[in-house]
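A short worksheet on the structure shown next.
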């Protein structure tokens, strides 16, 4: 079990949080591990239980742990993900600080490069992932939510297979925001482009033709941009949100 240093600062909960976070980041605790109990942590850090609870709560907000209740309760280390980034970006959108126009501009900068890298880094497993995503996009789905998520299967696949975790974080954030808007507005026209556009992108990636994949993606984004901007206006009106 890792050893911790006694805390002697005014904001002691921050120091406790930093030491626990460092223990996770350095692999002393890994995903699924249970941290020591509150009682054990109070003894290890030589602070009050209130301080420990504040520190654990801060870790939970940052996505490092999940706090469970009940007989098997406690603070369990989570697998770090991009969920917090997605939620923060969506909150900025709700507050009117970010618009769909900017979302499209960001996608136009990032997504062609994601497509190019997906082609360059193509492996058998990622090729199969992409083919499965295309099948999911064209399949019949009974409810609106499944249809929306399926329509973005190839975008999500490319985010995973491009080999750049920062691009993946950006893409998953943009995909999440797009999905939330469409799920809320429920437009009659769910897709704003011909399916052949996605097929052209995928054909280029499977051929490992990076420049062609990037060019096809750029053309595709020019098509979908206008439809998404129209959805934003309806979304903000429906939710009574700040207009950008």
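No lab work stands behind these numbers, since they all come straight from the coordinates. All values reported here derive from a predicted model rather than from experimental measurement. Don't worry about glycine lacking a Cβ; one is built from the backbone with ideal geometry, like all the others, and counts go over all protein chains shown.
Points worth noting:
- Using the average count of surrounding beta-carbon atoms within 10 Å as a protection proxy, the listed peptides 159-168, 12-21, 137-146 rank, highest first, as 12-21, 159-168, 137-146.
- Panel order for 120, 52, 104, by other beta carbons found within 10 Å of each beta carbon, from fewest to most: 120, 104, 52.
- Alpha-carbon Debye profile of region 83-239, log10 I(q)/I(0) at 0.14 Å⁻¹: -0.66
- Compared with the dominant Cα axis of the chain, that is its longest principal axis, helix 124-138 is turned about 70°.
- Distance between modelled label sites at residue 99 and residue 79, nm, 7 Å Cα→Cβ extension: 3.8 nm
- Here the Gaussian network model covers the chain, with springs between Cα atoms less than 10 Å apart; of 93, 82, 64, 64 fluctuates the most.
- Spatial separation of Cα centroids for region 131-155 and region 9-75, in angstrom: 40 Å
- Computed [θ] at 222 nm, deg cm²/dmol, the chain (DSSP H ≥ 4; -39,500 (n - 2.57); rounded to nearest 500): -22000 deg cm²/dmol
- Fluctuation leader among 113, 40, 232 - the chain, Gaussian network, Cα springs under 10 angstrom: 40
- Highest average packing first - 169-177, 27-35, 204-212, Cβ atoms within 10 Å: 169-177, 204-212, 27-35
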